[in-house]
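Working notes for the structure below.
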């Protein structure tokens, strides 16, 4: 099964079977933090509600872009921790790194 590409002209890592619909390209979404659960002193689980949630597969990741009020922008990639069967919600486990 093909995995849609996000940042390249390549539409998928494998060709789609003949006649299979091609998924529309992914677009940036404005997600809402639905929950934050501390796991350890440095690790927390963030549950995000997404307006255009899509099923995912093991090993896939999301790029998260944060923009501060002063315009500073940071973008990071995080692996998905939630089960693919959890529609509308996405869980990411994030570790706070010192001096990073």
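Out of segment 72-93, which residues are part of a loop (DSSP other than H, G, I, E, B) and under 14 Å from residue 31 (Cα atoms)? I'd like the intermediate steps shown before the answer.
Applying the first criterion (part of a loop (DSSP other than H, G, I, E, B)) to segment 72-93 yields 72, 81-88.
Matches in segment 72-93: 87, 88.
Here are some conditions: (1) closer than 14 Å to residue 33 by Cα; (2) surrounded by fewer than 10 Cβ atoms within 10 Å (Cβ to Cβ). Residue 69 meets all but one. Which one does it not meet?
Going through the list (1) closer than 14 Å to residue 33 by Cα; (2) surrounded by fewer than 10 Cβ atoms within 10 Å (Cβ to Cβ), residue 69 breaks only (1).
Quick one: in segment 61-71, of everything that is without any contact (Cβ under 8 Å) to a residue 12 or more places away in the chain and assigned to a strand (DSSP E or B), which residue is farthest from residue 92 (Cα to Cα)?
67
For residues that are part of a loop (DSSP other than H, G, I, E, B), farther than 19 Å from residue 84 by Cα and free of Cβ contacts under 8 Å to residues at least 24 places away in the same chain, tally how many sit in segment 26-60.
Final tally of qualifying residues: 3.
Read the figures in this text as sums done on the coordinates, not as results from a lab. Since this is a predicted model, take the numbers as computed values, not measurements. Heads up, the Cβs are rebuilt from the backbone with ideal geometry, glycines too, and the neighbour counts pull from every protein chain shown.
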